[in-house]
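Each remark here refers to the structure printed beneath this line.
Please treat every number below as a calculation from the coordinates, not as lab data. None of the values given here were measured: they were computed from a predicted structure. Counting neighbours? That spans all protein chains shown, and the Cβs are built from the backbone with ideal geometry, glycine included.
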Amino acid sequence: MTLYLFYFLSFLAVLSALMVVFSKNPVHSVLYLIITFFCIFGHYLLMNAQFVAFVHIIVYAGAIMVLFLYVLMLLNLNSESEPHKNNTLKFVAVISGCLLMVVLVAALRGTDDMMLQDNGSQVGYVKNLGKVMLTDFLLPFEITSILLLAAMVGAVMIGKKSSNTTTPR
Amino acid sequence: MSDFLIYKILLVVGVFTVTLVVAMYATYGERKVAAFLQDRIGPNRAGPFGIFQPLADGLKFFMKEEIIPSVSNKFLFILGPSIAMITALMAGVLIPWGNTLIINGAQYSLQITDINIGILYVFGVVSIGVYGIMIGGWASNNKYSLLGAIRASAQMISYELAMGISIIALIMMTGTLSLGEIVNQQAGGDWNFWNVVYQPLGFLIFIVCAFAECNRAPFDLPECETELVGGYHTEYSSMKLGFYMFAEYINMFISSAVLSTLYFGGYNFPFMNDLGLSHNVITILGTVFLFAKIFFFIFFFMWVRWTLPRFRYDQLMNLGWRVLLPLSIVNLLGTALVLLWIDK
C-alpha cells in the first residue's frame, strides 16, 4: 500500500514538476509547482515526518507560492507579452541545469548508509525534532538562522533603497 | 477494528452535517442579527420567524442561471469555489468536539483525530484557503476580480504572521501542539483557568487576525463592493457564488471553534468536576457548552460586522504590520520571560 502510494506520489511529483517547466502561462506554472509541493508533502507524511510536512505546506504552498502568484497577477503576464529569450541564454540555462543535476546526484550518492533504519519511528515528531535540533545539530541550526536573517536584512535594504528614490514618505 | 472505523465514519459524517447546518443557519442568523442591530424585523416570511429562509436561499442559488465568462479559464474558474469550500470544511477534523463517551466499557473520543501537530494542520489549511479566492479572481479575467484576489493574498499573508506568533506564545505556555491536550489542560478545578486569562493580548491579536483571515468586515477588502463591484466573485453566479458565500460562513464557524478551543477551554465548563454527574453526561454537557461558546463567537463576528465601518486598504496594512506584528512579538517575549521566571 505504502509502496504504491510512494510510486503514485513520485509519478505525480515528476509530472507536475515537468509541467512547471513546459507550461506557457506563468500562473499555470506556479499552480503546477503547488501540486509538486503537495506531492512532496505526501512523501514527508509517508516517512512519518508530520512536523516537516506541515511546515512545508505552510511555508512553501501557503506563503511563498502565494507571494509568487501575487507578483505574477500584478504583472499580469500573457503569452503574447512574454519577452523572448535568445538561444545563447537557453543554451546556458540547459548547461547549468545539467551541472546542478550532476552536483545533486554526486551529493546524494553516498547517503545509502545514512538511511533511517527504524521504520515507523517518532523521529519526525515535534518533540524529538526540537530536541535533536537544539542539542546535536545546534551549530548548523544557528548558522541557518543567521543566513536567513542576513537574507531578510538584505531584502529590506534593497526594498528601502528603491522606495527612497521613487516614493518618499 | 471495524467498530472503530464505523464509529469514525459516523463521526466524520456527523461533523460534516453539523458544520453545513450551522453555516446554513449562520446566514439566517446574520440577517436576523443585522435586523436586530438596525431595529428592523429581518426575514420572517418563509415559515415561522422565517426559519426556512436558508432553504429558500439555497434553492434560489441552485435555480439561478449559471454564467461562465467565455474569456475566462473554465477549469480554474470552477476550481476556485471548490478549493474555497474544501479547505473550509477540512479544518473541522481536528477540533475536539467533546470529551470521551464510554459505551459498554469502550472509550469513544468525540474528536475525529488528534495528531500531534494539530495547530499546524489548522494553519496549513487556512493558508491554502486563500488559493480559492486567488484562483477564482484570476480565472475570472476581470480587473475587479483580479484586484480582489490580490488584496486577499496580501491581507492573508500579513495577518497570518501576527496570528502565528500569537499562537506560538500559547504553545510555549501549554507545551504541546495537539488541540486535544490543550483543551484537557484547561479542565476546571484548583484555580486552573482558561488560557484567555493567561494570554489576553494573544487572544486579542488572534481574534483580530481571525476576522482578517475570514474576510469579514471590517476587513472585507477583497469583496469591497463600494470600490470593486463584487471583489473576487464579481463574475460568479448561481451556486458557485453560493459556495464562496457558504465557505465564508463555514470559516467563521471553524474559527469560532478554534478560538473557543485554544482560549476558552473548549468543552470544559466551570465546576464540571464538582457536579457529581456521570462521565457521559458531563461529556454531553461539555459539547453543549462548546457550541454555546461557538455561537457566542459567531454572534460576535456578526455584531462587529454591523457595528464597525470597513477599513481603508492602507489602514489595514498599517494595522497588520505596524501594530499587530510588534504587539505579538512583545507578547511572545513577555510570555517567554514569565515562563523562565516561573521555572526558576
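Here is how the numbers come out for the structure above:
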| quantity | calculated |
| --- | --- |
| One residue from B:GLN107, B:GLN111 being of a type outside the set (Phe, Trp, Tyr), out of contact with any helix residue (DSSP H, G or I) (no Cβ under 9 Å at 6 or more places or on another chain) and over 22 Å from A:ILE58 (Cα atoms) | B:GLN107 |
| Candidate set from segment B:1-49 (those that are small (Gly, Ala, Ser) and assigned to a loop (DSSP other than H, G, I, E, B)); member that is surrounded by the most Cβ atoms within 10 Å (Cβ to Cβ) | B:GLY42 |
| Long-range neighbours under 9 Å by Cβ, at least six apart or interchain, first residue buried (at least 21 other Cβ atoms within 10 Å of the Cβ) within segment B:103-129, second charged (D, E, K, R) | B:GLY118/B:GLU181; B:PHE123/B:GLU160; B:VAL126/B:GLU160; B:VAL126/B:GLU213; B:SER127/B:GLU160; B:GLY129/B:GLU213 |
| B:LEU170 being away from every other protein chain (no Cβ under 12 Å), under 20 Å from B:ALA212 (Cβ atoms) and assigned to a helix (DSSP H, G or I) | yes |
| All positions within segment B:132-150 that are at the interface with another protein chain (Cβ under 8 Å from one of its Cβ atoms) and surrounded by fewer than 24 Cβ atoms within 10 Å (Cβ to Cβ) | B:LEU146, B:ILE150 |
| Among residues of segment B:88-98, those that are touching a residue at least 60 places away in the same chain (Cβ under 8 Å) and in a helix (DSSP H, G or I), counted | 6 |
| Any hit, segment B:173-184, residues being more than 14 Å from every other protein chain (Cβ to nearest Cβ), touching a residue at least 12 places away in the same chain (Cβ under 8 Å) and within 23 Å of B:PHE271 (Cβ to Cβ) | yes |
| Qualifying positions in segment A:20-58 - facing chain B (nearest Cβ under 9 Å) and of a type in the set (A, V, I, L, M) | A:VAL27, A:LEU31, A:ILE34, A:ALA53, A:VAL55, A:ILE57, A:ILE58 |
| Looking only at segment B:1-57, and only at residues there that are within 26 Å of the chain's Cα centre (by Cα) and among the acidic types (Asp, Glu), the one that is farthest from B:MET252 (Cα to Cα) | B:ASP57 |
| Residue in segment B:240-248 that is surrounded by 19 or more Cβ atoms within 10 Å (Cβ to Cβ), closer than 22 Å to B:LEU177 by Cα, aliphatic (A, V, I, L, M) and under 21 Å from the mean Cα position of the chain (by Cα) present | no |
| Residue within segment B:62-76 that is touching a helix residue (DSSP H, G or I) at 6+ places or on another chain (Cβ under 7 Å), part of a helix (DSSP H, G or I) and away from chain A (no Cβ under 13 Å) present | yes |
| Residue that is β-branched (Val, Ile, Thr) and touching a Lys or Arg at 6+ places or on another chain (Cβ under 9 Å), where the choices are B:ILE68, B:ILE83, B:ILE103 | B:ILE68 |
